[in-house]
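Everything on this sheet refers to the single structure shown next.
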């Protein structure tokens, strides 16, 4: 079959790879320049490859190749306001940090090893006819043209043009919410000798309630930091007007970073602010002719670091669905939708909840106690007990199943706590009467 | 101040009237033709004027004038499948049925009695610059022009162009959901002598679970019927392909209508199917320069018959807000948003719930018992007790307050039912031991 994929980001490049391996003809159109020739830095949180993403890469024989470009993170290192540190392990597996640019180049290079896969850059999708199907493009030089493949795949992100045109005049559910927080990128350069200036095998986190910062290690000794602040309020992007404002905020909240980012005040003010959006929609497809994957049908907040992993799962599932139903593209895309939708809905919900936890409750004693119990029970009960974060990160258990299991475990823990409380109370009463 | 209102529907025409009375300069642009000169029938459910809408018209001195064009409905007449009937009263007040075209013409005529209010028809808004502010229009003859008022009001419905442009690049929450049901219009003509062929002072309802129909009386002896079916499934628009299909469905479900609509099979198939959408969004305004009202910021399902009433409340509140804060358009629109948003959210939720009730639970004995208790308690306790539907329809109590009061009353009823049950059970136990 002949596929046109709109978007050469993580979702589109991976899907092209998967479909190409199955012998389909794939052309990917991307509005940005070719990252292989144009190494201009595009701001992005670093990506976190976890078990799901790795398993998907492994299926396509790419695990070895990709993991040459990663920085493994074995746990989370919390930086307290008094500069003290607290480590918690990710358990077996962990998360592999990788820069978006590096992973993008690897996927595109791997995909184009199939002669039937082609990438066209600097070319923007301006509309589709969902019933033909046909897709209209305009190249950077202003050349307008139309292609008519068997299937158009929208892998063009949270503000998908393909989705907009596919859902026009349909009874399409669509939900879009932004956080009142945004983020800016900062860069901690390597030391003079090229080494890392903080631990290079952990995810660094500065949780401060209304604000937070985190940093991923890079292979060149640097760190990519993401600084998350509210848009409005006393400690917000809006309130930080001068270098002094920025530096005094860092001195108070992130004192150990102040020395690591040269000229942090000016650098911070020069950076653009990025928004954070989550979207949920249906339908994902039209008549076996148009289908959406990745952020185009389920953008999530980035705080569980699962967006790209979920997009890879999408890509495999979609390619598998076309393989399972070669007779009917309509049945294939419906199979894909049915198998993915409950899990991406669950992921969206958990990503939302995890933001509050990262910012805040990481610091709260109650949550820490519950997490400690989780870890102890995991050690004792082995595979029968697993903290939610570990199920998300270290397994390929479907997201909705992981959420359901976490709910069950939580009820057991709370029941046990109530029982212990009752026994303790009974003891107290006996002692005092 | 100088206002441009986009859309001359219920929301836009009423607002123009309210702003005009306060001395503002108002130009309303509408993409459809002038209903005063062009009496082409546009399909629409008849509108239900209830106390909120009437109070709003009264504030502008229009109550008398408008009520000359209405058909009062004193309650709901349920048509059972065996052709038997069951009446339930709306209580004091009731609902006044009016055709959209008639009300539209009345509002426009009333508004243009102010020399400072002007309507421009056949002219489509194609974009706005929210920061100037400026609005771009194209007339039917292809003439493109731009206007630069002080404030642009988007009263252009659920798929608002003003909203789309106002929210572009903003952190805008947006939620849109369609029902799996749609509707088609049918017309019951007057009898040969010009009289109504069913009771002319009630809302007629045929609740059938997955399908339903309802009819509003018109002044000319006819009825406007809305036939609600699922889009897909065994008894759906999709399944009705021939006149025979339609007639056999009517014979089974709506036997008493079969004789009232001439050639119902053919007529039904010739009608377009309309979708039903609910939307929820924020922000509603931008920098005191652009603001949304009515369906443009809160389209609701039509089953509580409150969309137009809520749009009138919006119009009054927005005009009042500009009067309350003549110093600051920014403060005015924020005041409007704060005072309306909780209530239109509540209305959207109740309109959604009421659909299930109209289709189905109207027929269930449990709900009927609860409703009967509601009516009795209302009689006994007078103003201290009121069924939800009566609060929505017969009062101007803000929607969220009505919902909260209904929740409280429901808890009291359920508590009382539990107490009566316990006493009865006690009695039984005593008798049998």
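The values are calculated or read from the model by the stated rules, or taken from the named source; none is laboratory data. Small disclaimer: the values here were computed from a predicted structure and weren't measured. Cβ coordinates were reconstructed from backbone atoms using ideal geometry, including for glycine residues, and neighbour counts include every protein chain displayed.
Key figures
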{"item": "Residue match in the range B:238-253 (condition: part of a helix (DSSP H, G or I) and within 18 Å of residue B:358 (Cβ to Cβ))", "result": "yes"}
{"item": "Residue that is nearest to the other protein chains (Cβ to nearest Cβ) [pool: residues in the range B:146-156 that are crowded, with 18+ Cβ neighbours inside 10 Å and assigned to a strand (DSSP E or B)]", "result": "B:154"}
{"item": "Qualifying helices (runs of 4 or more DSSP H) (wholly inside the range A:263-354; at least 1 residues being surrounded by fewer than 21 Cβ atoms within 10 Å (Cβ to Cβ) and modelled with pLDDT of 95 or more)", "result": "A:264-270, A:307-324"}
{"item": "Sole residue being in contact (Cβ under 8 Å) with a residue 60 or more places away in the chain and part of a loop (DSSP other than H, G, I, E, B), chosen from A:193, A:200, A:220", "result": "A:200"}
{"item": "Filtered residues of the range A:1-31 (kept if in a loop (DSSP other than H, G, I, E, B) and closer than 11 Å to residue A:156 by Cα)", "result": "A:7, A:8, A:9, A:30, A:31"}
{"item": "Hey, residue A:169 within 20 Å of the chain's Cα centre (by Cα), farther than 20 Å from residue A:267 by Cα and free of Cβ contacts under 8 Å to residues at least 60 places away in the same chain or not", "result": "no"}
{"item": "Count of the range A:95-121 residues which are under 27 Å from the mean Cα position of the chain (by Cα) and either within 14 Å of residue A:5 (Cα to Cα) or without any contact (Cβ under 8 Å) to a residue 24 or more places away in the chain (or both)", "result": "9"}
{"item": "Test for residue B:203: is it at negative phi, within 14 Å of chain A (Cβ to nearest Cβ) and in contact with a strand residue (DSSP E or B) (Cβ under 8 Å, 6 or more places away or on another chain)", "result": "no"}
{"item": "Some residue of the range A:128-145 being at pLDDT 95 or above, under 30 Å from residue B:278 (Cβ atoms), touching a helix residue (DSSP H, G or I) at 6+ places or on another chain (Cβ under 6 Å) and assigned to a loop (DSSP other than H, G, I, E, B)", "result": "yes"}
{"item": "Qualifying positions in the range A:206-232 - farther than 24 Å from residue A:86 by Cβ, loosely packed, with under 15 Cβ neighbours inside 10 Å and away from chain B (no Cβ under 14 Å)", "result": "A:220"}
{"item": "Conditions (1) within 17 Å of residue A:103 (Cα to Cα); (2) touching a strand residue (DSSP E or B) at 6+ places or on another chain (Cβ under 6 Å); number of the one not met by residue A:301", "result": "(1)"}
{"item": "Which numbered condition residue A:159 fails, given (1) over 19 Å from residue A:333 (Cβ atoms); (2) within 14 Å of chain B (Cβ to nearest Cβ); (3) outside any loop (DSSP other than H, G, I, E, B)", "result": "(3)"}
{"item": "Output for the range A:167-189, where each listed residue is farther than 23 Å from residue A:233 by Cβ and either part of a strand (DSSP E or B) or within 13 Å of chain B (Cβ to nearest Cβ) (or both)", "result": "A:167, A:168, A:169, A:170, A:171, A:172, A:173, A:174, A:175, A:187, A:188"}
{"item": "Among (1) under 17 Å from residue A:78 (Cβ atoms); (2) modelled with pLDDT of 95 or more; (3) in contact with a helix residue (DSSP H, G or I) (Cβ under 9 Å, 6 or more places away or on another chain), the one test that residue A:257 misses", "result": "(2)"}
{"item": "Test result for residue B:45, at pLDDT 95 or above and touching a strand residue (DSSP E or B) at 6+ places or on another chain (Cβ under 7 Å)", "result": "no"}
{"item": "Residue check for residue B:267: touching a residue at least 40 places away in the same chain (Cβ under 8 Å), closer than 30 Å to residue A:179 by Cα and more than 14 Å from every other protein chain (Cβ to nearest Cβ)", "result": "no"}
{"item": "Odd one out for residue A:337, checked against (1) under 27 Å from the mean Cα position of the chain (by Cα); (2) under 26 Å from residue A:214 (Cα atoms)", "result": "(2)"}
{"item": "Residue in the range A:61-68 that is buried (at least 19 other Cβ atoms within 10 Å of the Cβ) and touching a strand residue (DSSP E or B) at 6+ places or on another chain (Cβ under 8 Å) present", "result": "yes"}
{"item": "Looking only at the range B:99-113, and only at residues there that are modelled with pLDDT of 95 or more and not in a helix (DSSP H, G or I), the one that is surrounded by the most Cβ atoms within 10 Å (Cβ to Cβ)", "result": "B:112"}
{"item": "Per-region count, the range A:2-45, residues at positive phi and surrounded by fewer than 24 Cβ atoms within 10 Å (Cβ to Cβ)", "result": "1"}
{"item": "From the options B:243, B:236, B:248, residue that is more than 22 Å from residue B:158 (Cβ to Cβ) and within 14 Å of another protein chain (Cβ to nearest Cβ)", "result": "B:236"}
{"item": "Count of residues meeting criterion [crowded, with 18+ Cβ neighbours inside 10 Å and more than 22 Å from residue A:81 (Cβ to Cβ)] in the range A:188-199", "result": "1"}
{"item": "Hey, residue B:254 within 14 Å of chain A (Cβ to nearest Cβ) and in contact with a strand residue (DSSP E or B) (Cβ under 7 Å, 6 or more places away or on another chain) or not", "result": "no"}
